[in-house]
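Q: This is the structure I have questions about; it appears just below.
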Amino acid sequence: MMKTTKRNIGSLVFITVLMLSVSCKETNKKSTPSAKESVEKQEVLDETGTMGSEQNVSSESVLEDYFNLKNALVEDDNNSAKKMGGVLAASLGNLNKSAYTDSQQETLAAIAEDAQKYAVEISSSDLDSQREHFKYLSVIITNMIAITGSESTVYEQYCPMYDGGTAWLSTEKAVLNPYYGSSMLRCGTVQREIN
C-alpha cells in the first residue's frame with residue numbers, strides 16, 4: 001500500500017513537471033521532458049525503490065522511459081542517458097504481461113529481455129555507444145508496441161544518415177534526432193504514425 005502511494009505521488013510529480021515543461025520554441029508541438037526532468041524522475045524512483053520490487057509496470061511506463069532516454073540522447077547528455085538506461089532496464093524487467101495471451105506473453109518476455117540488455121549497455125556506455133545501442137533498442141520497442149499498442153500516437157522517425165539509415169520513436173511529429181543530437185538535430189523524417 002505504501003509503495004503504491006509513493007509511486008502514485010512520484011508519478012503525479014513527474015506528470016506535473018511534464019505538463020509544465022516548455023516545448024522546443026515551436027508552436028503546436030507537444031512538450032517533452034528534458035534530460036534534467038528525466039533525472040528527477042530517476043531520483044524519485046531511487047527514493048521509493050518501487051521499480052525493482054514489483055511486477056506491474058505497464059507498457060506505457062516502458063514507453064515513457066524509452067522517450068526519456070531518447071530525449072537525453074537528443075540533448076547529447078551522456079550522464080542522463082546512463083541514468084535513463086537504468087530506469088528503462090528496470091521497467092522492462094518488471095513489465096506486466098498478464099493482460100495478454102500466452103503467446104503474446106511469451107513474445108513480450110523475449111522482447112523485454114532483449115531490450116533490457118541494450119538498456120543496461122546504455123547505462124554504462126559513452127555517448128557514441130549509447131546511440132549505437134539505442135538503434136537496436138528502438139527496433140525492439142517498436143516490436144513491443146506491435147503487441148501492446150499505445151494510448152497516444154507514436155511517430156516512427158527515420159534518419160537516412162546514421163549507420164545507413166536508422167529509425168526511432170517519438171511522441172511528437174517534430175524531428176529531434178537522438179543519433180546526432182545538436183550536430184544534426186533536425187535530420188530525419190516521419191515514416192509513419194503508430195496508434
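Q: Here is a check on your reading of the model: is GLY149 closer than 14 Å to LEU69 by Cα and either among the aliphatic types (A, V, I, L, M) or at pLDDT 95 or above (or both)? Working first, answer last.
A: Working: closer than 14 Å to LEU69 by Cα: no; either among the aliphatic types (A, V, I, L, M) or at pLDDT 95 or above (or both): yes.
So GLY149 does not fit the description; no.
Q: Still on this structure: Please go through segment 154-182 and pick out each residue that is in a strand (DSSP E or B) and in contact with a Gly (Cβ under 7 Å, 6 or more places away or on another chain). Can you show your working first?
A: From segment 154-182, those in a strand (DSSP E or B) are 154-159, 166-170; that's our starting set.
Matches in segment 154-182: GLN157, TYR158, CYS159.
Q: Here's something else I'd like to know. Are any residues in segment 144-182 among the polar types (S, T, N, Q), touching a residue at least 24 places away in the same chain (Cβ under 8 Å) and surrounded by fewer than 17 Cβ atoms within 10 Å (Cβ to Cβ), and if so, which ones? Walk me through how you get there before you give the answer.
A: Restricting attention to segment 144-182, the residues satisfying the condition of being among the polar types (S, T, N, Q) are 148, 150, 152-153, 157, 166, 170-171, 177, 182.
Next, from what is left, pick out any that are touching a residue at least 24 places away in the same chain (Cβ under 8 Å): 148, 150, 153, 157, 166, 170-171, 177, 182.
Hits for segment 144-182 are SER150, THR153, SER182.
Q: Sticking with this one: Any residue at all in segment 83-103 that's of a type in the set (D, E, K, R), touching a helix residue (DSSP H, G or I) at 6+ places or on another chain (Cβ under 6 Å) and within 17 Å of VAL57 (Cα to Cα)?
A: The initial filter retains those residues of segment 83-103 that are of a type in the set (D, E, K, R), namely 83, 97, 102.
Narrowing the set further to residues that are touching a helix residue (DSSP H, G or I) at 6+ places or on another chain (Cβ under 6 Å) leaves 83, 97.
After this cut, where a residue has to be within 17 Å of VAL57 (Cα to Cα) as well, the list is 97.
Among the residues of segment 83-103, at least one is of a type in the set (D, E, K, R), touching a helix residue (DSSP H, G or I) at 6+ places or on another chain (Cβ under 6 Å) and within 17 Å of VAL57 (Cα to Cα), which makes the answer yes.
Q: Still on this structure: Name every residue in segment 91-103 that is surrounded by fewer than 21 Cβ atoms within 10 Å (Cβ to Cβ) and part of a helix (DSSP H, G or I), in order of residue number.
A: Just the residues of segment 91-103 that are surrounded by fewer than 21 Cβ atoms within 10 Å (Cβ to Cβ), to begin with: 93-94, 96-103.
Result: GLY93, ASP102, SER103.
Q: Identify all residues within segment 93-141 that are of a type in the set (Val, Ile, Thr) and over 17 Å from ASN68 (Cβ atoms); write none if there are none. Before you say what the answer is, go through the steps one by one.
A: Our first condition is that a residue be of a type in the set (Val, Ile, Thr); within segment 93-141, this holds for 101, 107, 111, 120, 122, 139-141.
Hits for segment 93-141 are THR101, THR107, ILE111, VAL139.
Q: Restricting the first residue to segment 90-103 and requiring it to be at pLDDT below 95 and among the hydrophobic types (A, V, I, L, M, F, W, C), which pairs with a second residue that is outside any helix (DSSP H, G or I) and exposed (fewer than 15 other Cβ atoms within 10 Å of the Cβ) meet a Cβ separation below 9 Å and a spacing of at least six or different chains?
A: Cβ pairs passing all conditions: none.
Q: Also: Can you spot a residue in segment 114-134 that is within 25 Å of ASN56 (Cα to Cα), acidic (Asp, Glu), modelled with pLDDT of 95 or more and over 18 Å from the mean Cα position of the chain (by Cα)? Don't jump to the end; show me each part of the working.
A: Taking segment 114-134 and keeping what is within 25 Å of ASN56 (Cα to Cα), we get 114-123, 134.
Filter again for acidic (Asp, Glu), leaving 114, 121.
Filter once more, keeping what is modelled with pLDDT of 95 or more: 114, 121.
Then keep just the ones that are over 18 Å from the mean Cα position of the chain (by Cα); that gives none.
No, because not a single residue in segment 114-134 is within 25 Å of ASN56 (Cα to Cα), acidic (Asp, Glu), modelled with pLDDT of 95 or more and over 18 Å from the mean Cα position of the chain (by Cα).
The values are calculated or read from the model by the stated rules, or taken from the named source; none is laboratory data. Everything quoted here is computed from the prediction, not taken from an experiment. Heads up, the Cβs are rebuilt from the backbone with ideal geometry, glycines too, and the neighbour counts pull from every protein chain shown.
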